[in-house]
Amino acid sequence: MPGLVVVGAQWGDEGKGKVTDLLAERADVVVRYQGGNNAGHTIVRDGEVYKFHLIPSGILYPGKLCLIGNGVVVDPKVITEEIAGLHHRGIDTSGLKISANAHLIMPYHRLLDLAGEIRLGEQQIGTTRRGIGPCYSDKAARLGIRVQDLLDEKILKQKIYAAMEPKRQMLRPYAKEPELDLHAMTEEYRTLGHRLEPFIADTARIVWDALDRRRLVIFEGAQGTLLDIDHGTYPFVTSSNPIAGAACVGAGVGPKDIDEVWGVTKAYTTRVGSGPFPSELDSELGERIREAGGEFGTTTGRPRRCGWLDLVALRYAIRLNSLTGVVVTKLDALTGIDPLGVAVRYLGPERSSFEEFPYHQSILHKARAEVVELPGWQEPITGARTLDDLPQQARDYLGFVGERLGVPIVLVGVGPGRDEVIRTGAAPDLVPVPGEGRAGEAPAPVVRGS
Ligand code: GDP
Ligand code: IMO
Ligand code: MG
C-alpha cells in the first residue's frame, strides 16, 4: 500500500477534508504536513458536521493514527480546544500525535499578523489572522518555539524572551496586552504543554514504520497549490508550501515514499482573501454559485470569491504536484446553472494569450479568462453514485474537463456527505465502496490522457 498525498489543486477549500476522511478508512496513518489553523476542513458524516483546523481528517475512525507533522504550525490553545471538542462529542482521540518538532504559534504571532494586515491597508493579503506568517518567519529566522519546548519551563521562557525582544518595536501598539507578559505567557504555555504532553511524539518515525510495513499513509494537505509561497500567486499566498513536494519535508519522508498524489478541485473555483483570480465571476452568477455551494469560509466565515473552473491553473497544479488523480468536488452545486463556463486560457494585455499559468505577477493580475460555454443540467445529482446516474450534460462537463487535464478523474463529489461521491473506477482499491457502485462495476475512468 502506498503513500498518498491529498493536495488542494486550487486556492484551498476544495474539499480535502472530505476526501481524506473517505480514504482514511483504508489507511493506517493520516498526517498533516504544513499549514496551521488557517485551515478549515469539513467532514459531514451521518448528517453531523465536523470542522477541523489542526486535527487530521482521519480522527473520526477510532484509534486511527492521526499525526500533526513537523511542518505544521500549532497553536496549542486551538489544538487543546479541538481535542476537548471531540471528547465532548464522544470521539476517541487516542490516535492523535503531535510532532515534537512542529513550531508553536505564540500570542505575538497573532498580533503581528493583525498589525501587518492593518499596516498594508488596501494592499492587505486578507490572512486568516491566525499568526501563520509570523510563526513561519520565526521558524526561518531560527527564533521559533517548538512543541518540545513546552515541556521545559526554563527553556521555554528563555526562548520566548529571545523571540519577543527583536519584535518590541513592532509590538509597541500592543505593549499593554496581558497576553504579551513574559511570565504569564510562559505559564499559559506550560499549562497547555501539560495537557498536550501525552500527544507529543516522534511523528516521522510513526510514518516510517507504517510505510515500512507497506500500510497506506495519507498525507493531508492544507490550503492549495495557488496559495503556495513559492509557486502560488505571491504575495497573496500563505506562508508554507501546500504542494505535494512539501509532504516529504513536513512529514519527514523521502520522495520515493510517495506513490500517489491526488489533487482536489471543485467543479468551479473559489478563493478567500485578496489576489489575482482570472476566472472570477464578479456578478450575480458568482453570487449564485456562492449560495449554491455554501461558499463561506470554514475558518473565518468570510464569503468566498467564486468563478468558473480554471483549466490553466489546474494544469499548472497537475504539473507542480505530479498529480496521478484528480478529485472533482461539488459538481452538485452547479445544478441549474446553464450554460456553464470553463476557463481554457488567459487573455492578457495587448491581445496576448496564455495557455500556461503566467509566472509574472503583472500579467497574472491583469489576466482574464477565456471561457468556453457548456450546457448545464437541471436535475439534482446528489443521489448519483455512478457516472451513468448523472445527466448527460454533467457527464459531458466532466468529460470535457478530464480530456483537457490528461489525468484521470478518480472521484466526483455530488454532496457534502461521506457517501455522496461517485467512484469512477480509476483507483478502485484505495476507495472503500459502501453498498452500490462497487469498484468493479463502476464505469471506466472519465478520461485518461488526451
Ligand atoms: P477543505 O478545506 O479543502 O477541506 O474544504 P472545506 O471543508 O473548507 O470546504 C469544502 C466545503 O464543501 C465543506 O463545507 C464540505 O462539506 C463541502 N463539500 C465537500 N465536497 C462536497 C461536494 O461534493 N458537494 C457539496 N455540495 N459539498 C461538498
Ligand atoms: P484550507 O486548508 C482557503 C488564505 C487566506 C489568505 C491567504 C493567507 O481550509 O483549504 P494565512 O492566514 O494563511 O496567512 O492567509 O491564504 N488561506 C486559505 N484559503 N483555504 C485555506 O485552508 C486557507 N488558509 C489560508 O484567506 O488569502
Ligand atoms: Mg477549508
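The values are calculated or read from the model by the stated rules, or taken from the named source; none is laboratory data. Small disclaimer: the values here were computed from a predicted structure and weren't measured. Every residue, glycine as well, gets a Cβ built from its backbone with ideal geometry; the counts of neighbours run over all protein chains shown. With ligands, DNA and RNA removed, areas are computed over all heavy atoms of the protein, side chains included. Shrake-Rupley method; radii C 1.70, N 1.55, O 1.52, S 1.80 Å.
Within the stretch 136-158, which residues are open to solvent by less than 70 Å² (accessible area, probe 1.4 Å) and basic (Lys, Arg)?
157, the sole residue that qualifies.
Quick check on this structure: which one of 12, 58, 71 is within 16 Å of ligand 2 (Cβ to nearest atom), open to solvent by less than 20 Å² (accessible area, probe 1.4 Å), in contact with a Lys or Arg (Cβ under 6 Å, 6 or more places away or on another chain) and not hydrophobic (A, V, I, L, M, F, W, C)? Please lay out each step first, then the result.
Numbers: 12 fails: in contact with a Lys or Arg (Cβ under 6 Å, 6 or more places away or on another chain); 71 fails: in contact with a Lys or Arg (Cβ under 6 Å, 6 or more places away or on another chain).
Result: 58 is the single residue among 12, 58, 71 that is within 16 Å of ligand 2 (Cβ to nearest atom), open to solvent by less than 20 Å² (accessible area, probe 1.4 Å), in contact with a Lys or Arg (Cβ under 6 Å, 6 or more places away or on another chain) and not hydrophobic (A, V, I, L, M, F, W, C).
Going residue by residue through the stretch 77-100, is there one that turns out to be crowded, with 23+ Cβ neighbours inside 10 Å and more than 18 Å from residue 250 (Cβ to Cβ)?
No, the stretch 77-100 contains no residue that is crowded, with 23+ Cβ neighbours inside 10 Å and more than 18 Å from residue 250 (Cβ to Cβ).
State all residues of the stretch 372-411 that are of a type in the set (Val, Ile, Thr), more than 17 Å from residue 337 (Cα to Cα) and surrounded by fewer than 18 Cβ atoms within 10 Å (Cβ to Cβ); if no residue qualifies, say none.
Selection gives 386 alone.
Touching a residue at least 40 places away in the same chain (Cβ under 8 Å), within 30 Å of the chain's Cα centre (by Cα) and in a helix (DSSP H, G or I): is that true of residue 150 in this structure? Steps first, answer last, please.
Details: touching a residue at least 40 places away in the same chain (Cβ under 8 Å): yes; within 30 Å of the chain's Cα centre (by Cα): yes; in a helix (DSSP H, G or I): yes.
The answer is yes for residue 150.
Report, by residue number, each residue of the stretch 298-335 that is touching a strand residue (DSSP E or B) at 6+ places or on another chain (Cβ under 8 Å), within 22 Å of residue 52 (Cβ to Cβ) and surrounded by fewer than 21 Cβ atoms within 10 Å (Cβ to Cβ).
Of everything in the stretch 298-335, those that are touching a strand residue (DSSP E or B) at 6+ places or on another chain (Cβ under 8 Å), within 22 Å of residue 52 (Cβ to Cβ) and surrounded by fewer than 21 Cβ atoms within 10 Å (Cβ to Cβ) turn out to be 298, 302, 303.
Could you go through the stretch 389-405 and let me know if any residue there is farther than 21 Å from residue 324 by Cβ and part of a loop (DSSP other than H, G, I, E, B).
Yes.
Can you report the number of residues in the stretch 163-212 which are in a helix (DSSP H, G or I) and closer than 18 Å to residue 101 by Cβ?
Of the residues in the stretch 163-212, 15 are in a helix (DSSP H, G or I) and closer than 18 Å to residue 101 by Cβ.
Tell me, please, whether a residue that is in a loop (DSSP other than H, G, I, E, B) and surrounded by fewer than 19 Cβ atoms within 10 Å (Cβ to Cβ) can be found in the stretch 23-36.
yes
Tell me which residues, restricted to the stretch 217-231, are part of a loop (DSSP other than H, G, I, E, B) and either in contact with an Asp or Glu (Cβ under 7 Å, 6 or more places away or on another chain) or open to solvent by 20 Å² or more (accessible area, probe 1.4 Å) (or both).
224, 229, 230, 231
Would you point out which residue out of 279, 283 is more than 29 Å from residue 139 (Cα to Cα), over 20 Å from the mean Cα position of the chain (by Cα) and touching a residue at least 12 places away in the same chain (Cβ under 8 Å)?
279
Could you grab me the full set of residues in the stretch 282-297 that are over 22 Å from residue 52 (Cα atoms), open to solvent by less than 80 Å² (accessible area, probe 1.4 Å) and within 16 Å of ligand 1 (Cβ to nearest atom)?
Matches in the stretch 282-297: 289, 292.
What residue, among those in the stretch 210-232 that are over 16 Å from the mean Cα position of the chain (by Cα) and farther than 16 Å from residue 71 by Cβ, is nearest to ligand 2 (Cβ to nearest atom)?
216
Within the stretch 412-433, take every residue that is within 20 Å of residue 60 (Cα to Cα) and open to solvent by 30 Å² or more (accessible area, probe 1.4 Å) and give me the one that is farthest from ligand 1 (Cβ to nearest atom).
Applying the filter and picking the extreme gives 433.
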